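Notes to accompany the following structure.
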Amino acid sequence: MRRALLLVAVLVAVAVAGPLLAPYGPVTRFDDHLHAPPMPLRVDGRGLYTVPLRLVDRLEQTFAEDPGQRAGLPWTTPAATPVLLLGADRLGRDVFSRTLHGARASLGLALVATAGTLLLGALLGSWAGLAGGVVERLVLKAGDVLMVLPVLYVVVALRAALPLVLPLPAIVAALAAIFVLLGWPRIARGVWVIVRAEARQEHVLAATALGASRWRVMTRHLLPACQGYLAVQAALLVPMFVLAEATLSYLGLGFPDGVPSWGTALSDAATISAMTRAPWTLAPAVAMFLVVLVTNVLLEPARERHLSGAARSG
Amino acid sequence: MSLARFAVGRLVSGAIFALVVASLTLLLARLVPGDPSSEEQLRRSPEEIAALRAELGLDQPFLVQYARWLGGLARLDLGRSSLYRRPVTDLVGERAANTALLALAALLVATAIGLPLGRLAGSTHGLASRLARAASLAVLSVPPLLSALLLVFIAARTGWLPAGGITSGGLTGAAWFVDLLRHLPVPVLALALPLAATLERLQARAMADTIGRPFVAASRARGLAVDAAVRVHAWPVSLAPVLGSYGVLVGALFSGSFVVEIVTAWPGLGRLLFDALSARDVWLVAGCGALGAVSLAAGTTLADIAHAAIDPRVLEGRSE
């Protein structure tokens, strides 16, 4: 649970700080550096440095290092000689900066959707566990049907049902709502299992006997029992939603082209000609891979339980 | 509950599920702003637009459209696609066969890789077991979108295999078949690798759980070697929970194949649905939804029935 919370906190930090750390703006163009390859960091006695690239042939987009020239890190070098740590894309924009800027849209959306999913899932799950009867059956059955559906088909169909061009806040809200709609059943089922077991405990019975309201029992006694489960689920949901955003943007149904996100950058980079011409533009894919990999490695035991469908974890 | 009763019950609820999902798709397709005539607004006169809408049956109230569509469904007539100017039934059937080919091949490959590796990782503690575990953790972090892009990239860069499509066209007989086989590895692997990793993890866990159970210790106490105890006793028992998860994996398989089809230009159901949605082709969207829902229901139902046949505890509702 502590690992899960730490991971989520780190992702929040990346979303907040990413754009602040970027050396260049997301749409800053360097016209002499279209498809420029990455400039690796080097070390010598005087510290870290890079070697700036000079355009050799504009049509062929070939570049050469200036021997003897020496530039510092991108943050300290004047913008006249750009230092592109991960190269540039087809419009001469710094891939490193765009990946950092994209973190905010991609992780931000994923975090918002995760918060919504946990909230709705915990509410419906604990409600079903406490109320029993028809409510319980309805919530679980609806969740079952939603869980069987192939997520992507539904996401794409729902997104396509909305107007294609929307203002940015509306897009974020729409995408988050779609993710929440598809994500809550798993959380609700997990919370339901815990609440059902917890509701038979003596301290809950005692609280009820002392006249505590159902709301108080739920918020004071039942939901705290789900903390560990919810923390782990939060850490597992974020990468899932990051990938969902990437897929939607790749299909042209996510963020519009102007918004830097890992998905829009990927849809730019992911044509065969672009990939063979400038493989470094796939950096956002690597960023996504890292987010998922770190989650998987840190939370492997929890993830296994998640895969095998058992709910209780901590 | 007998297996037959269980099977009938699952078939009925599967059919209801398919009908509900198909109906929702049609509703969704009608909620989409615009219809096939929208694109023609600028080019045609209002009378022609009205005629086009009447021809497609879009001038009727929704309930009439729905009733007609359900009636057509009973006769396997799902209307005409305005995008391809062909009957939806033919179009959807062709594309679904392509998706089925992709999904089944991927499922076979994933099973062939995942289960043996999972057995290895779950029953031993050596280097091979650790490697299998590390590999599947890494592969699990590469979802179909990224694995498809990566494989297409490799195929395009090296030229070993065609990077997209299902056939090169203009070929017949044996040459066509060989060409199809050459187009298969990229999309099938893109879809199968994450699935294989999932199966490996599930199988490893099931195997480890089973080995800890008393009957395995008992068979060791009777003098069976470790290998034999695992092979004869633990392995078959550990398969049951893994097979039980195939029903859930069918949905993941569909989702994955959607992305893979788009990235590798595989002419399957997912691509068709995407094109139909972009073109506001109402009846084609509904047709894709109907067939998708039927295949999904069939897949999960079959998996559940197979699971019940292997593991009778499912029938009594007390499987883990």
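The numbers here are math on the coordinates, done by the rules we state, and not lab data. Given the structure is predicted, the values throughout are model-derived calculations rather than measurements. No Cβ is skipped: glycine too gets one built from the backbone with ideal geometry, and neighbour counts run over all protein chains shown.
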Requested in this report: Apply the membrane-span-like helix rule to chain A: whole DSSP H runs, Cα extent along the own long axis of at least 20 Å, mean Kyte-Doolittle hydropathy at least -0.5. List the helices found.
Outcome: A:2-21, A:95-131, A:133-148, A:168-198, A:227-250, A:283-298
Report summary line: Least to most buried among B:H183, B:H125, by other C-beta atoms within 10 Å and fewest first, runs B:H125, B:H183
Report task. At 7 Å along the Cα-to-beta-carbon direction for both A:L119 and B:W176, put a label point, then send me their distance in nm to one decimal. Result -> 5.6
Query - the stretch A:13-73 versus the stretch B:234-289: alpha-carbon centroid distance in Å - result: 42
Query raised in the report: For chain A, what is the charge dipole size about the Cα centre, in debye to the nearest 20, if Lys and Arg each add +1 at the Cβ and Asp and Glu each add -1 at the Cβ?
Result: 1060
Query raised in the report: Treating the beta-carbon of each Lys and Arg as +1 and of each Asp and Glu as -1, no other charges, what is the dipole magnitude of the stretch B:1-139 about its Cα centre, to the nearest 20 debye?
Result: 780
Query - Cα-derived Rg to Rh of the protein assembly as shown, Kirkwood definition - result: 0.99
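How about the stretch B:199-284: which chymotrypsin sites (Phe, Trp or Tyr not before Pro) there are in a DSSP loop, with at most 15 other Cβ atoms within 10 Å of their Cβ?
none
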Query raised in the report: Which net charge results for the neighbourhood of A:T281, defined as the other residues with beta-carbon distances under 10 angstrom from its beta-carbon, given Lys and Arg at +1 and Asp and Glu at -1?
Result: +2
Query raised in the report: What's the Kirkwood radius of the stretch A:39-83 in Å, using all Cα pairs?
Result: 11.3
Query - Under 13 Å, Cβ to Cβ, from A:V156 - net charge with Lys/Arg +1 and Asp/Glu -1 - result: -1
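Treating only the Cβ of Lys, Arg, Asp and Glu as charged (+1, +1, -1, -1), what charge dipole size does the protein assembly as shown show about its Cα centre? Round to the nearest 20 debye.
Dipole about the Cα centre, nearest 20: 1780 debye.
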**Report entry** Dipole of the protein assembly as shown [Lys/Arg +1, Asp/Glu -1 at C-beta], most positive-end residue of A:W127, A:P284, A:G211
**Finding:** A:G211
**Report entry** Separation of alpha-carbon centers, the stretch B:173-204 and the stretch B:63-94, rounded to whole Å
**Finding:** 32
Report summary line: Going from the fewest other Cβ atoms within 10 Å to the most, one would list B:S278, B:S136 as B:S278, B:S136
**Report entry** Rg to Rh, two decimals, where chain B supplies the alpha carbon set and Rh follows Kirkwood
**Finding:** 1.07
Query - Low-density loop positions, trypsin sites (Lys or Arg not before Pro), the stretch A:1-65 - DSSP coil, at most 13 other Cβ in 10 Å - result: A:R46, A:R58
Report summary line: In the stretch B:279-320, the trypsin sites (Lys or Arg not before Pro) that sit in a DSSP loop and have at most 10 other Cβ atoms within 10 Å of their own Cβ are B:R318
Requested in this report: Round to a whole angstrom and tell me the spacing of the C-alpha centers of the stretch A:234-304 and the stretch A:108-145.
Outcome: 27
Query raised in the report: What translational D, rounded to a whole number of µm²/s, comes out for the stretch A:104-215 from Stokes-Einstein when the hydrodynamic radius is the Kirkwood one over Cα pairs, at 25 °C and 0.890 mPa s?
Result: 157
Query - Order of A:H221, A:H33, A:H203 under a 10 Å beta carbon neighbour criterion, fewest first - result: A:H203, A:H221, A:H33
Report task. Would you be so kind as to identify which of A:T76, A:M39, A:P52 lies farthest towards the positive end of the dipole of the stretch A:39-83, taking Lys and Arg as +1 and Asp and Glu as -1 on Cβ and the Cα centre as origin? Result -> A:T76
Requested in this report: Before anything else, pin down the relative contact order of chain A: Cα pairs under 8 Å, at least 6 apart, normalised by residue count, whole percent.
Outcome: 22
Query raised in the report: Which whole-number percentage describes the relative contact order of the stretch A:39-83, with Cα contacts under 8 Å and a sequence gap of 6 or more?
Result: 33
Query raised in the report: For the Cα atoms of chain B, what angle does the longest principal axis make with the long axis of helix B:185-211, in degrees from 0 to 90, nearest 10?
Result: 40
Report summary line: Rounded to two decimals, the Debye log10 I(q)/I(0) of the stretch A:95-313 (Cα scatterers, no solvent) at q = 0.09, 0.17 Å⁻¹ is -0.43, -1.15
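Sort largest first and round to whole Å: the equivalent ellipsoid semi-axes of the stretch A:1-128, each the square root of five times a Cα gyration tensor eigenvalue.
Equivalent ellipsoid semi-axes, largest first: 40, 17, 10 Å.
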Report summary line: For the stretch B:4-127, whose charge dipole is built from +1 on Lys and Arg Cβ atoms and -1 on Asp and Glu Cβ atoms, the candidate among B:A67, B:I113, B:I16 with its Cα farthest towards the positive end is B:I113
Query raised in the report: So if we plug the beta-carbon distance of A:A197 and B:R130 into 1/(1 + (r/R0)^6) with R0 = 30 Å, what FRET efficiency do we get, rounded to 0.05?
Result: 0.30
